[in-house]
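Read the structure below first, then the notes.
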Amino acid sequence: MKSLATVLLVLSSFIVQGQVQIVAEQDTEKNITLIAFNKDVIPFTIRIEFVKLENLESWDGNVIYAVAKPGKTNLVKLRSPYLNAKTSFNYNSKVFKGGYSVGDTLSLPPYLIPVGDGQVVNMRPLTTQTNMDRLSESNGFVGVGFIFEKPSVICAPRKGIISEIKMDQTNQAGGPVDFNAENFIEIYHQDGSFSRLTGLKANSAKVEVGATVFPGQPIAESNPVTNVDEIQVKMIQSRWQKDDNGLIWINFPVILTDGQNKFNSNSVALNLTASHPEELVTLEMDKKEVKNYFKK
């Protein structure tokens, strides 16, 4: 394959922190392949809309969504029907952090309560509305807050890759939805969703960006308790969801477990004792990870 052109596009949006480069390569039959080079530790979704195709055809349509995994990914191949004719193309593109989903969230593994084993917590949903004991995705659900009396280690609720860390805020915001003003650790899961744990103690991160974490693994510490009725830690699950209008960013409720019983994160629950049972810790591990886990 010989190179027709090297088109290095640093694509960014309000959610992108890494860089994705797109290179166009042409083969001997004048077919063109768009290739993404992703320097980040997690995938990115790329939306490509072709606005001009001369002697080139996209069998996937003029608007495509492709997931660029870390490293090199072939995004789309443009086929040239006439070998002796000139080829040219032009397109618009957007980049979105993470993969995307077209299904529901009901089949996801249960999430552990993200505190230390044996810690007792109360749980209540976070929402843009008030006085609601049970919420749905369509009426203001944002995430879930955990309240406990003693400081706790904060743990990963599911297996994933640490995708972002912010731990330099010494004065924590008290608002239930002011996540950007708080310390947080973000975890990217294989299904394309994110878990963001916010309200953490400054500079208490026990992991680094790019690390793979497992359920129950300590990742940070909570802030000192100043008010027993105040939410100490917030957990938000988010993802890109594709519909007929494109990609939309949603926060969604999940199923939490204390090791025995299951709870919806859009419900109020009291006096839950966190537990990290072995079968849940190893649920998403591959064979090598399970083997290494039982060696410890």
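Given their separation in residues at 0.36 nm each and the Cα-Cα distance between them, residue 255 and residue 292 gain 10.6 nm when the chain is fully extended. The heavy atoms of residue 29 present about 110 square angstrom of accessible area, all protein chains included, probe 1.4 Å.
Packing around the peptides 276-282, 193-199, taken as the average count of other Cβ atoms within 10 Å per residue, puts them in this order, highest first: 193-199, 276-282. In this simple spin-label model, placing a label point 7 Å from the Cα along the Cα-to-Cβ direction at both residue 245 and residue 268 gives a separation of 3.3 nm. Shown are 59, 249, whose ranking by accessible area with a 1.4 Å probe and every protein chain present, most to least, is 59, 249. Length available on full extension from residue 83 to residue 62: 0.36 nm per residue minus the Cα-Cα distance, which gives 5.4 nm.
Extension gain, residue 211 to residue 191, is 5.5 nm, computed as 0.36 nm per intervening residue step minus the present C-alpha separation. Other residues within the sphere of radius under 10 Å centred on the Cβ of residue 88, judged by their own Cβ, net out at +1 (K and R +1, D and E -1).
Legend: residue pairs 69/166; 39/159; 234/262; 166/295; 69/291; 242/296, Cα-Cα distance threshold 30 Å; pairs beyond threshold, 166/295; 242/296.
The values are calculated or read from the model by the stated rules, or taken from the named source; none is laboratory data. Everything quoted here is computed from the prediction, not taken from an experiment. We place every Cβ from the backbone using ideal geometry, glycine too, and count neighbours over all the protein chains shown. Remember, those area values only see protein heavy atoms, side chains included, never the ligands or the DNA or RNA. Shrake-Rupley method; radii C 1.70, N 1.55, O 1.52, S 1.80 Å.
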